[in-house]
Amino acid sequence: MIDRPTIERILDAAQIVDVVSEFVTLKKKGVNFVGLCPFHDDKTPSFYVSPAKGLCKCFSCGKGGNAVHFIMEHEQMTYYEALKWLANKYHIEVKERELTTEEKEAQNVRESLYVVNAFARDYFQDILYNHIDGKSIGMAYFRQRGIRDDIVKKFHLGYSTSSNDALAKEAIRKGYKKEYLIKTGLCYEKEDGSIRDRFWGRVIFPWFNVSGKILGFGGRVLDSRTKGVSQKYINSPESEIYSKRRELYGIFQAKSAIVKKDCVYMVEGYTDVIAMHQCGIENVVANSGTALSEEQIRLLHRFTSNITLLYDGDEAGIKASIRGIDMLLSEGMNIKVLLLPDGEDPDSFARKHNSTEFQQYIAEHEEDFIRFKTNLLLKDTQNDPIKRAGLISDMSKSIGLIPNEVVRYACLKECASILNVDERIIQNEIDKIVKQRKDNYIEQHQKEKEEIPPVIQRENYIPQAGCDQLPFYSKEQELVKALIRYGEKTVCYLENEEGESTPITVTEFISMDLKQDDLSFHNPLHRKLLAEAEAHLTDKDFVAERYFLTHPDSAITRLAADMLNEKYQLSKSNEEALTKDEERLHELIPHLLIDFKLSILEEDMKQTSQQLNRPEVLGDMEKCKEVMKHYKELSDLLKEMAKRAGDRVIMKA
C-alpha cells in the first residue's frame, strides 16, 4: 500500500483545477471555477471546483471530493489506482508501506495474475503481427470480417498458433511460474504434470476491467475449423481476478462514451461490440453469451441509468430481451429495446451501415420496454381471456419492480392504454406486488433487529440494524464533521489548583465527554476517526482535516471530503455573511454533544416503551419490572439532560 508521506506528496502536487480540467471545461467564477458536471446530463453548469480548498462538488448530483475522488469516480478506479494515476501524471515516485504477511500474499497472487495476463496479451499480439501464421491466418480472419487495423489495436486482438504448448513454453522460458499460468486459465495441467495452452489455434479477444487491466481472454476457433466443434468460443475460467458474471466485454473502451452519451447499448458478443465501434458507436458493451447478472447491471449503473438492449431479431434475441428486462427494472434502469431485422445481428448490420445510418435506425425503431413487452406478449393471447389475464399479471409484475413511483405510474398508464384496460386493474396488481416486497423487507429487517444485540450504551434497547435512519444518527454525523474540520483546535481551557491553564482540543473534548457517559459512536468508521484523531493529536503539525484527507483508507478520505464539501457548500453565495464555526467552538461542541445525547435518550425511551407492548415482556413479571425500571431511569436522565440543554452554559474560551 502507498505510505502516507507519498499520499501527501501526491495530493500536494495534484491541483484540483488542473486535474478536473483534463475532463471538464472550466470557467472562472469568483474565487472558484465552474463547469458542466461529467457525472450526469448537466444542462447548466453545476460542477464547482475550489482551488483554495482542493475540492470539487456538483450541486445537482452531489458527486465530488478531492482530486483522488474525482479520478476514482470519473475513471472508475480504486483509491489505490487513482493515487497511482495522479502520481504518474505528476511524476511522483510511489513509495509503499510494508504490507502484512496476509496482505502481501493476497496482493502478490492478484498482481502476479495480472502480470501473467499482460504477458499473454503481448504474446498473442506479437504472434498476430509478426508470426507467419498470425499474419496469414489470424490477421486474414479479422480482415475477412472487415475489422480495420486501428480497431484490432484498440481492442488488443491477437492470435494463438496451432501449437498446443507454444505460449506455455515461452512463458516458462521467460520465468513466469506454472502455478500462475494455470490460475489465470491460460494453461491447464495434464495428468502427467505437463501443461497445455487453452487457446491454441484461435483468435484472441482480451477482457479488460474498467481501469484497463487484463482479466482474462476469449478465444474463437476459425471459420474453417468450426464444423464439428462444440465450442466455437471458449473463455478464461473463473479466477481470483476474473468472474464472467461480474464483467462486461468492452467496458474499458466504452466507459467514456457511455458517460458522455448517458446511454449504453447492450449487445451479445465480441464482434458485435467491435463492429459498432468501427461504425462509430462506442457506448456499447456485451454480456458475451451469459445471462445478464445483477453485478453486470450495477457495473453499468455506475456510468448511466439508460440502456438499450440491442439484439438479433430472431426468437433467441427476443427471449434474451425479455429475460433481462425485469432485472434491469429492479435496479432502477431506464430501458429501451431494439430488435434488428430478421437475419441481422449488430455485427452484420454495423458492417452494412455507417454510424449515421445505424443511429438513425436506432432512433426510429427502439421502443420503451412497456410497449415492446406488451405488444410481444399480446401476440400470444389472441382472444383467450385466461392468457390475457396472465399478460396483465405479467406486466404488472414488471412495472411493480420499478423503484421510482413517478416512473412506475407513467408506465402503468401506458400499459393500460395499450391493453385497453382500466388503470385500476393494473394498479391493484401492482399494489399487491409492492406490498409483498415491502412485507418481505420488513420481515427481514425485523429478523435482523432480533438477531443483532443492542449497541450505543450497555443497557439500551436500540437495535444496530437501521440505526443510520434514526434521528440520533444525524447528530452523530454533526459531531464527526466537527471532529474532521476542527479536531486539533482548542475548545476551552482547564485550570488546575496552581492556576495553570491547559488547552482542550475538539478531539479531546468529544472523547472525554462521551466516555463520561459510557457512550460511543454507532458507526464503526466514526469510531475509527475519533480513535485515530486521539492517537495522532500530539503528532507534530497534526491537522485533522489534512490527516483524514490523506488517509490510506479510501472510506475515510471519502467521508472527510464529503463533510468538508458540506462546510464550503455555501461559499459560492455569501460566505462572508456566515459566522465561522471555529470562532464559537466553545459553544458549538458542547451543544452538539448535548443534542447527540438527548436524541439517543429519546430513541432509547421510544424503543423501551415498545418493549412494554411485547407479549413476551408482558407475560414475564420480572422482565416487565426490569423494562419499567429502565424506562424510569431514562425518563429521569432525560429531564436532567433537557435542563442542561436549556441552561446552555457557555464556557470561557
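The values are calculated or read from the model by the stated rules, or taken from the named source; none is laboratory data. If you're wondering where the values come from, they're calculated on a predicted model, not measured in any experiment. FYI the Cβ positions are ideal-geometry reconstructions off the backbone, even for glycines, and counts take in every protein chain you see. Calculation scope for accessible area: heavy atoms of the full protein, side chains included, ligands and nucleic acids excluded. Shrake-Rupley method; radii C 1.70, N 1.55, O 1.52, S 1.80 Å.
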Within the range 252-281, the residues that are at pLDDT below 90, under 21 Å from Leu36 (Cα atoms) and either surrounded by fewer than 21 Cβ atoms within 10 Å (Cβ to Cβ) or in contact with a strand residue (DSSP E or B) (Cβ under 7 Å, 6 or more places away or on another chain) (or both) are Ser256, Ala257, Ile258, Lys260, Lys261, Asp262
| field | Residue check for Gly201: touching a strand residue (DSSP E or B) at 6+ places or on another chain (Cβ under 9 Å), at pLDDT 90 or above, surrounded by fewer than 23 Cβ atoms within 10 Å (Cβ to Cβ) and on the phi > 0 side of the Ramachandran plot | value | yes
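Would you check which residues across the range 143-177 are on the phi > 0 side of the Ramachandran plot and open to solvent by 70 Å² or more (accessible area, probe 1.4 Å) and list them?
Answer for the range 143-177, where residues must be on the phi > 0 side of the Ramachandran plot and open to solvent by 70 Å² or more (accessible area, probe 1.4 Å): there is none.
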Per the list (1) closer than 30 Å to Gly64 by Cα; (2) modelled with pLDDT under 80; (3) open to solvent by 50 Å² or more (accessible area, probe 1.4 Å), residue check on Asn565 breaks on (3)
Ile307 - would you say it is within 27 Å of Asp197 (Cα to Cα), modelled with pLDDT of 90 or more and not in a helix (DSSP H, G or I)?
no
Exactly one of Ser293, Ser256, Ser243, Ser239 is among the polar types (S, T, N, Q) and touching a Gly at 6+ places or on another chain (Cβ under 8 Å), and that residue is Ser239
Checking Tyr409, Tyr361 in turn, the sole residue that is closer than 30 Å to Cys279 by Cβ and of a type in the set (Phe, Trp, Tyr) turns out to be Tyr361
Those residues of the range 385-400 that are open to solvent by 40 Å² or more (accessible area, probe 1.4 Å) and within 19 Å of Leu328 (Cβ to Cβ) come to a total of 2
Ile172 fails exactly one of (1) modelled with pLDDT of 95 or more; (2) not in a loop (DSSP other than H, G, I, E, B), namely (1)
Flagged in the range 1-33 as more than 25 Å from the chain's Cα centre (by Cα), farther than 16 Å from Ala82 by Cα and surrounded by 15 or more Cβ atoms within 10 Å (Cβ to Cβ), in numbering order, are Leu26, Asn32, Phe33
Checked against (1) open to solvent by 10 Å² or more (accessible area, probe 1.4 Å); (2) assigned to a helix (DSSP H, G or I); (3) in contact with a Phe, Trp or Tyr (Cβ under 9 Å, 6 or more places away or on another chain), Val116 satisfies every condition except (1)
Per the list (1) assigned to a strand (DSSP E or B); (2) more than 35 Å from the chain's Cα centre (by Cα), residue check on Leu378 breaks on (1)
task: Kindly indicate whether any position in the range 418-432 is at positive phi, open to solvent by 60 Å² or more (accessible area, probe 1.4 Å) and not in a helix (DSSP H, G or I).
output: yes
For helices (runs of 4 or more DSSP H) lying entirely in the range 574-653, having 2 or more residues that are closer than 22 Å to Glu476 by Cβ and at pLDDT 70 or above picks out 585-611, 621-647
Flagged pairs (Cβ under 8 angstrom, 6 or more apart or on separate chains; first in the range 216-244, over 13 Å from Asn117 (Cα atoms) and of a type in the set (Lys, Arg); second open to solvent by 60 Å² or more (accessible area, probe 1.4 Å) and at pLDDT 90 or above) are Lys244/Glu238
Of the residues in the range 20-42 that are free of Cβ contacts under 8 Å to residues at least 40 places away in the same chain and polar (S, T, N, Q), the one that is farthest from Asn66 (Cα to Cα) is Thr25
Here the residues within the range 34-47 that are aromatic (Phe, Trp, Tyr) and open to solvent by 30 Å² or more (accessible area, probe 1.4 Å) are Phe39
If we keep only residues of the range 81-96 that are at pLDDT below 85 and in contact with a strand residue (DSSP E or B) (Cβ under 9 Å, 6 or more places away or on another chain), then the residue least open to solvent (accessible area, probe 1.4 Å) is Val94
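Here is a yes/no grid of residues against (1) at pLDDT below 85; (2) in a loop (DSSP other than H, G, I, E, B); (3) under 23 Å from Leu593 (Cα atoms):
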site	(1), (2), (3)
Tyr441	yes, no, no
Leu479	no, no, yes
Cys492	yes, no, yes
Leu525	no, no, yes
Ala531	no, no, yes
Lys540	yes, yes, no
In the set Glu414, Glu357, the lone residue that is modelled with pLDDT of 85 or more, over 34 Å from the mean Cα position of the chain (by Cα) and either buried (at least 20 other Cβ atoms within 10 Å of the Cβ) or assigned to a helix (DSSP H, G or I) (or both) is Glu357
If we keep only residues of the range 178-198 that are over 35 Å from the mean Cα position of the chain (by Cα) and not basic (Lys, Arg), then the residue most open to solvent (accessible area, probe 1.4 Å) is Glu191
Taking the range 494-521 and keeping residues at pLDDT below 85 and in a loop (DSSP other than H, G, I, E, B) leaves Asn496, Glu497, Glu498, Gly499, Glu500, Asp517, Asp518, Leu519, Ser520
Filtering the range 228-251 down to residues that are at pLDDT below 90, hydrophobic (A, V, I, L, M, F, W, C) and either open to solvent by less than 30 Å² (accessible area, probe 1.4 Å) or under 18 Å from Glu295 (Cα atoms) (or both) yields Ile241
